[in-house]
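Q: One structure coming up, written as structure tokens, with questions to follow.
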There are 2 protein chains.
Amino acid sequence: MARSVAQRDDLLPVLAETFREHGYEGASLSLIATATGLGKGSLYHFFPGGKAEMVEAVLAEIEAWFEGNVFAPLRQADDPEAAIAAMFTTVTDYFRSGRRVCLVGALSLSDARDRFGQALRRYFALWVEALTAALTRAGHPPEGATALAEDIVGGIQGAVVLARALDRPETFERILGCLRARSQVASSA
Amino acid sequence: MARSVAQRDDLLPVLAETFREHGYEGASLSLIATATGLGKGSLYHFFPGGKAEMVEAVLAEIEAWFEGNVFAPLRQADDPEAAIAAMFTTVTDYFRSGRRVCLVGALSLSDARDRFGQALRRYFALWVEALTAALTRAGHPPEGATALAEDIVGGIQGAVVLARALDRPETFERILGCLRARSQVASSA
DNA sequence: GCTCTTCTGTACCGATCGGTACACTGTTGA
DNA sequence: TCAACAGTGTACCGATCGGTACAGAAGAGC
């Protein structure tokens, strides 16, 4: 029983990577079976709802990972400026400098958006919210903090698109560096 | 003969919209047949290469449209600042404030990227190039112009992702307004 | 030993996939 | 008038799709 839970959770990273690489439609069950090394029997045992339930589970795990590694630190860190800086390095690592797609962003551009809309919306809403809080605590004027947070979160998503299309990871890192600079409070000298 | 050419070209917008809405894998031939009102016979008459050729044709038409409406004006306009401003309004209109997906960006995030990589790369490269030229002519220091152009083009792509995920077209317009402001040369008072 | 539950592989389902074959319509130019 | 051909509809192809059924392997608790 405890074993099954552990196994199901172990599948999620593999599932996530498969959906990242092939999208929702493109990730066929046979592809998923190959990637996970499991037959349909096992897959439907863990995810009776089929592909849709797999994506839901993956999205939940992604949100949990970001909650623990990005959102919560942004909200709670003693040093908000350091937390924001850490966010940029964490995200650069997570997206492999743009070589790895953001599943949430990719799904948002696909027709799967309508099916998983709530999870996609919440992911970005939480991110913007947490970053807004950190920016405010770091000294940014509250009236512009949300806008800046949206600029940054959106900028990161755009950097993934651009770096992937141009096949230039350096572009991803350069853009994130620029966003990071904008996140710093302009202090006179 | 002239008629067939006209008809084939007339298909492209419908095809483009279908691919935008459903992606490469999701846009099945039966869906395309329904959207265009043509049977498989006609579709394969116009596009013997099947779906792949349809996407190629659509991407070529998109590039041609941007070349005429965005890239060329950026490169050649007498007033580069006005051309950049016009780009933002044109693009806001084209992407329906983020309600409409950028097909090139969406394909870049999908596994179709490998198949159409060259066309995707060229679209963004041309855009960055043309915008860099306009920014430089508008008075931006040449060493930072390409970086700013990348920020803007990437920022637009990210705005599409974010606005679609959050279901907030206002966010798209706000981000584009911010990017537009950054494109203006900082003049002392 | 046994039972009960968890987990797995395989066979199978109807539907749909992308693509092909081909007969047919309509128009056009000689 | 008639051959040539662009354009179309339909039937069909094998392959694969997501999903189901189910028998049996594997392991835990007793």
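Just so it is clear, none of the values below were taken in a lab; they were calculated from the coordinates. Nothing here was measured: the structure is a model prediction, and the numbers come from that model. We place every Cβ from the backbone using ideal geometry, glycine too, and count neighbours over all the protein chains shown.
Q: For a footprinting-style exposure proxy, rank B:22, A:45, B:140 by other Cβ within 10 Å, fewest first.
A: Lowest to highest Cβ neighbour count: A:45, B:22, B:140.
Q: Further question on the same structure: Between helix B:51-66 and chain B, what is the angle of the helix's C-alpha long axis to the longest principal axis, kept within 0 to 90° and rounded to the nearest 10?
A: It is inclined by approximately 30 degrees.
Q: Got a sec? How would B:114, B:151 order by Cβ neighbour count within 10 Å, fewest to most?
A: B:114, B:151
Q: With the Cα gyration tensor of the protein assembly as shown giving a ≥ b ≥ c as the square roots of its eigenvalues, does the rule (a/c under 1.5 for rounded; else a/b larger than b/c for prolate; else oblate) give rounded, prolate or oblate?
A: Note, shape of the protein assembly as shown comes out oblate.
Q: Okay, next question. Any chance you could run the full-extension gain for residue B:31 through residue B:90? It's 0.36 nm times the residue separation minus the Cα-Cα distance, nm to one decimal.
A: Going from the current span to full extension adds 18.3 nm.
Q: A further question follows. Could you estimate the translational diffusion coefficient of chain B from the Stokes-Einstein equation, with Rh from the Kirkwood formula over C-alpha pairs, at 10 °C and 1.306 mPa s, in whole µm²/s?
A: Calculated translational D: 90 µm²/s.
Q: Then there's this: Where along chain B is the Cβ that lies nearest the axis linking it to chain A, and how many Å separate them?
A: Measuring from each Cβ to the axis, the minimum is at B:158, 1.
Q: Something else now. Would you mind checking segment A:106-134 for residues with the amide N under 20 Å from a putative spin-label position 7 Å along Cα→C-beta of residue A:72?
A: A:122-134
Q: If you don't mind, there's one more thing I want to ask. Name the residue, out of A:26, A:155, A:105, whose mean-square fluctuation peaks in a Gaussian network model built on chain A with Cα pairs under 10 Å.
A: Looking only at A:26, A:155, A:105, the biggest GNM fluctuation is shown by A:26.
Q: For segment B:89-155, what is the relative contact order in percent, using Cα pairs closer than 8 Å and at least 6 residues apart in sequence?
A: It rounds to 21 percent for segment B:89-155.
Q: Here is a follow-up. If we hang a label 7 Å off Cα along the beta carbon direction at residue A:86, how far is it from the matching labels on the other copies, in nm, shortest first?
A: Result, one decimal in nm: 4.9.
Q: Note the angle between two axes, namely the Cα long axis of helix A:113-137 and the longest principal axis of the Cα atoms of chain A, as a number of degrees from 0 to 90, rounded to the nearest 10.
A: It is inclined by approximately 30 degrees.
Q: Could you work out the helix-only [θ] at 222 nm for chain A, with each DSSP H run of four or more residues adding -39,500 (n - 2.57) and the total divided by the number of residues, to the nearest 500 deg cm²/dmol?
A: When only DSSP H runs of four or more count, the value is -25500 deg cm²/dmol.
Q: If you line up the long axis of helix A:142-166 against the longest principal axis of chain A, both from Cα atoms, how many degrees apart are they, to the nearest 10?
A: 50
Q: So, one more: Hey, in the GNM for chain B with a 10 angstrom Cα cutoff, which one of B:131, B:162, B:31 fluctuates hardest?
A: Per the Cα network of chain B with a 10 Å cutoff, B:31 tops the list.
Q: Would you mind calculating the relative contact order of chain B from Cα pairs under 8 angstrom and at least 6 residues apart, reporting the percent as a whole number?
A: Taking the mean separation of contacting Cα pairs over the length of chain B, I get 21 percent.
Q: Copy-to-copy spacing for residue B:45, label 7 Å out on the Cα-to-C-beta vector, in nm, shortest first?
A: The projected label point of residue B:45 is separated from its counterparts by 5.4 nm.
Q: Under 1.5 on a/c is rounded, so check that first for segment B:1-89, then, if it is not, pick prolate when a/b is larger than b/c and oblate when it is not; a ≥ b ≥ c are the square roots of the alpha carbon gyration tensor eigenvalues.
A: Since a/c reaches 1.5 and a/b is larger than b/c, the shape of segment B:1-89 is classed as prolate.
Q: Then there is this: Starting from the Cα of residue B:173, step 7 Å along the direction of its Cβ; do the same at residue A:99; then give the gap between the two resulting points in nm.
A: 4.1
Q: Oh, and also: Taking a ≥ b ≥ c as the square roots of the Cα gyration tensor eigenvalues, with a/c under 1.5 meaning rounded and otherwise prolate when a/b beats b/c, else oblate, which class fits segment A:68-137?
A: Taking the square roots of the gyration eigenvalues as a ≥ b ≥ c, segment A:68-137 is oblate.
Q: Please compute the net charge surrounding residue A:122, taking Lys and Arg as +1 and Asp and Glu as -1 over other residues with Cβ under 14 Å from its Cβ.
A: Spelling it out: positives minus negatives among the neighbours equals -3.
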